[in-house]
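Everything on this sheet refers to the single structure shown next.
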Amino acid sequence: MSYFLVKQAGFLSTIQDLGRFGYGDIGISQSGAMDEEAFLWANKLLQNHPNSNMLEITYGNVELISFTQSIFCITGASAPLYLNKQKINPYQCYKIDKGDRIKIGFVQKGVRLYFAIKDGFLEAKELGSVSVSVKEQIKSPLKNGDKLFCKKSTSTILSYLKKEHIPKYSNHLKARVTLGYEYQEFSKEALSRFFQTNFIIKSHNRMGYFLSSPTPIQSQNIEIISNPISFGAIQITKNGEPIILLKERQSIGGYPKIGSVLPIDCFRLSQLKEGDSISFEPISLQEATKITRKFYKSFFY
Amino acid sequence: MDYEIKVASVNTLLITFCNSITIECSQKVQKAYTLFKNELDAKEIIPSYSSIAISFDIVRYSFEEIEQKVKKLLEKMPHIKLTQTDTIIEIPAFYDSSIAPDLQRLANIHKLSLQELITIHSKQLYYVYTIGFLPGFAYMGDVDKKIATPRLKTPRANVPKGSIAIANKQCAIYPQNSPGGWNIIAKTPLELTSKEYPNFSLLQIGNRVQFIPINKMEFLKLGGSL
């Protein structure tokens, strides 16, 4: 048996890949890693398939004991990281043997960390993906005492990302937005105010980020016929406050949407915490396509 | 064929077919959904009451390319026939105040006896317009205007799994415990989602649903919990 024993599961740790698709007509959300940038870096450094699964750790405080031989890599939020009490670096691959212990402390900057091993964990797929969906109760979060089964690996790849290329997370995000099909529900004045406001993050979870606004953003109609919700969609609630819908968003919804945050900015957003701030700027479809393509090409091709 | 194509996000386009919650509109959506599912290379296709969102691989395709493919496919719409089934899905429903906190209140608001309310609700044949909010949460209609009631002002933190509820002209069953603001008038012992079901969700878009009133003993025998 080859596995990692979970000594400390942390606040919310879940197995994720890039999500489940094909069930949009029965309301099953995409789920998958919140920060695809950190996720894809981990797989790239380990020379894994880009969709190899890994552990998404929220706020840190995880301890694992190895009962296997492999290589691993930790990306995403900053936290104190130890391999057998030796400090180790994020975005760097390390060998791990039977008896070795990994300790991930409490997150200091950012929110979500990713712990990946060579070729991912041996996990059963449910509805096409190994991703845990907390809201829909598909598979479940990690508990103390769980065993993460895996294949042994004698790989000696020890790549790392140079410090200057490691994504840095701050307390503010300027998110780029493609205007969506419902933006005409908002007056010119409301749109202009939206793009000039500095919003504060009230709360967040895998469904999305809930923002508070100094003055409410008004739409002409508070509710409209429910339409499908794309990743990064910015919905304005009846209180005039924005919600940015992310991986566990519901498939359809009836609040008007201004547009969608660029995917790469959604990944950066998932590293912001309560009290941090976010502002928005519009971006053309062409510019958005260029940036998004470049991002995915660098990991998939 | 009347439709509009707009941007939802960098890799998602939205096709809107109509502007209302009607069976005719829903059937247009279903036809197009079948067409896209069979013939379009898309990452995800999500239908709603009157529109469909298509998410595509942004590296392999451009928005314009997918838009062109969609337009071409939609030319086939007049030739698509929906396989109309006469199957009615029966949902056993226990109408009782012990598990339906809004049952009596709705009877009072609409000046009906409990039995009248139950009869009006259960004699209707409902149509599944779309599924969303939660896996298997089917938005059904139309609720008779004699009992149609707006949502609660403040949603409940927890609506028990199996609760049958109405909001204006729509009716739905909560497939799992969840926050919710609809008016709860009954409960079903049936599972709305299961790995055993061929399509995971008991209900699919286009289904017709009939609620069959059952008593407490039948409810418990079918696995219902109070």
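The values are calculated or read from the model by the stated rules, or taken from the named source; none is laboratory data. Just so we're clear, the structure is a prediction, and the values are computed from it rather than from any experiment. So basically every Cβ, Gly included, is an ideal-geometry build from the backbone, and we count neighbours across all protein chains shown. Heads up: the accessible areas ignore ligands, DNA and RNA and are worked out on the full protein's heavy atoms, side chains in. Shrake-Rupley method; radii C 1.70, N 1.55, O 1.52, S 1.80 Å.
Listed values, structure above:
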{"quantity": "In the range A:242-301, the residues that are in a loop (DSSP other than H, G, I, E, B), open to solvent by less than 20 Å² (accessible area, probe 1.4 Å) and more than 10 Å from chain B (Cβ to nearest Cβ)", "calculated": "A:Leu246, A:Lys247, A:Glu248, A:Pro256, A:Ser270, A:Gln271, A:Leu272, A:Asp276"}
{"quantity": "Members of the range A:40-50 that are open to solvent by 10 Å² or more (accessible area, probe 1.4 Å) and under 14 Å from the mean Cα position of the chain (by Cα)", "calculated": "A:Trp41"}
{"quantity": "Checklist (1) open to solvent by 30 Å² or more (accessible area, probe 1.4 Å); (2) within 25 Å of A:Ser270 (Cα to Cα); (3) in contact with a Leu (Cβ under 6 Å, 6 or more places away or on another chain); (4) not aliphatic (A, V, I, L, M) applied to A:Phe149, failing item", "calculated": "(2)"}
{"quantity": "The range A:200-240, residues that are surrounded by fewer than 22 Cβ atoms within 10 Å (Cβ to Cβ) and among the aromatic types (Phe, Trp, Tyr)", "calculated": "A:Phe210"}
{"quantity": "Any chance A:Gly22 is surrounded by 17 or more Cβ atoms within 10 Å (Cβ to Cβ) and either basic (Lys, Arg) or touching a residue at least 12 places away in the same chain (Cβ under 8 Å) (or both)", "calculated": "no"}
{"quantity": "Some residue of the range B:62-69 being without any contact (Cβ under 8 Å) to a residue 12 or more places away in the chain, within 14 Å of chain A (Cβ to nearest Cβ), at negative phi and not in a helix (DSSP H, G or I)", "calculated": "yes"}
{"quantity": "Hey, B:Ile23 hydrophobic (A, V, I, L, M, F, W, C) and over 18 Å from A:Ala233 (Cβ atoms) or not", "calculated": "yes"}
{"quantity": "Meets criteria (of a type in the set (Val, Ile, Thr) and more than 30 Å from B:Tyr174 (Cα to Cα)) for B:Ile5", "calculated": "yes"}
{"quantity": "Failed criterion for B:Ala93 (all others in (1) open to solvent by 20 Å² or more (accessible area, probe 1.4 Å); (2) part of a strand (DSSP E or B) hold)", "calculated": "(1)"}
{"quantity": "Residue in the range B:168-180 that is modelled with pLDDT of 95 or more, in contact with a strand residue (DSSP E or B) (Cβ under 8 Å, 6 or more places away or on another chain), closer than 20 Å to B:Leu106 by Cβ and away from chain A (no Cβ under 14 Å) present", "calculated": "yes"}
{"quantity": "Flag for A:Glu37 being over 26 Å from B:Lys195 (Cα atoms) and open to solvent by less than 30 Å² (accessible area, probe 1.4 Å)", "calculated": "yes"}
{"quantity": "Within the range B:1-16, considering residues that are open to solvent by 10 Å² or more (accessible area, probe 1.4 Å) and either part of a strand (DSSP E or B) or touching a strand residue (DSSP E or B) at 6+ places or on another chain (Cβ under 7 Å) (or both), the one farthest from the other protein chains (Cβ to nearest Cβ)", "calculated": "B:Tyr3"}
{"quantity": "Number of positions in the range A:104-131 that are within 15 Å of the chain's Cα centre (by Cα), part of a loop (DSSP other than H, G, I, E, B) and at positive phi", "calculated": "0"}
{"quantity": "Subset of the range B:176-214 (residues that are part of a strand (DSSP E or B) and open to solvent by 30 Å² or more (accessible area, probe 1.4 Å))", "calculated": "B:Pro179, B:Thr193, B:Arg208, B:Gln210, B:Ile212, B:Pro213"}
{"quantity": "Tally, over the range B:126-141, of residues that are more than 11 Å from chain A (Cβ to nearest Cβ) and at pLDDT 95 or above", "calculated": "3"}
{"quantity": "Filter pass, A:Leu262 being under 15 Å from B:Ser9 (Cβ atoms) and touching a His at 6+ places or on another chain (Cβ under 9 Å)", "calculated": "no"}
{"quantity": "Whichever residue in the range A:1-49 is β-branched (Val, Ile, Thr) and away from chain B (no Cβ under 14 Å) and, among such residues, is nearest to A:Phe300 (Cα to Cα)", "calculated": "A:Ile15"}
{"quantity": "Complete set of residues in the range B:106-123 that are in contact (Cβ under 8 Å) with a residue 24 or more places away in the chain and either aliphatic (A, V, I, L, M) or open to solvent by 60 Å² or more (accessible area, probe 1.4 Å) (or both)", "calculated": "B:Leu106, B:Ile109, B:Leu112, B:Leu117, B:Ile118, B:Ile120"}
{"quantity": "Boolean, A:Arg193 is surrounded by 15 or more Cβ atoms within 10 Å (Cβ to Cβ), in a helix (DSSP H, G or I) and of a type in the set (Lys, Arg)", "calculated": "yes"}
{"quantity": "Qualifying strands (runs of 3 or more DSSP E) (wholly inside the range A:27-103; at least 2 residues being over 23 Å from A:Glu136 (Cα atoms))", "calculated": "A:60-67, A:70-78, A:81-83, A:93-96"}
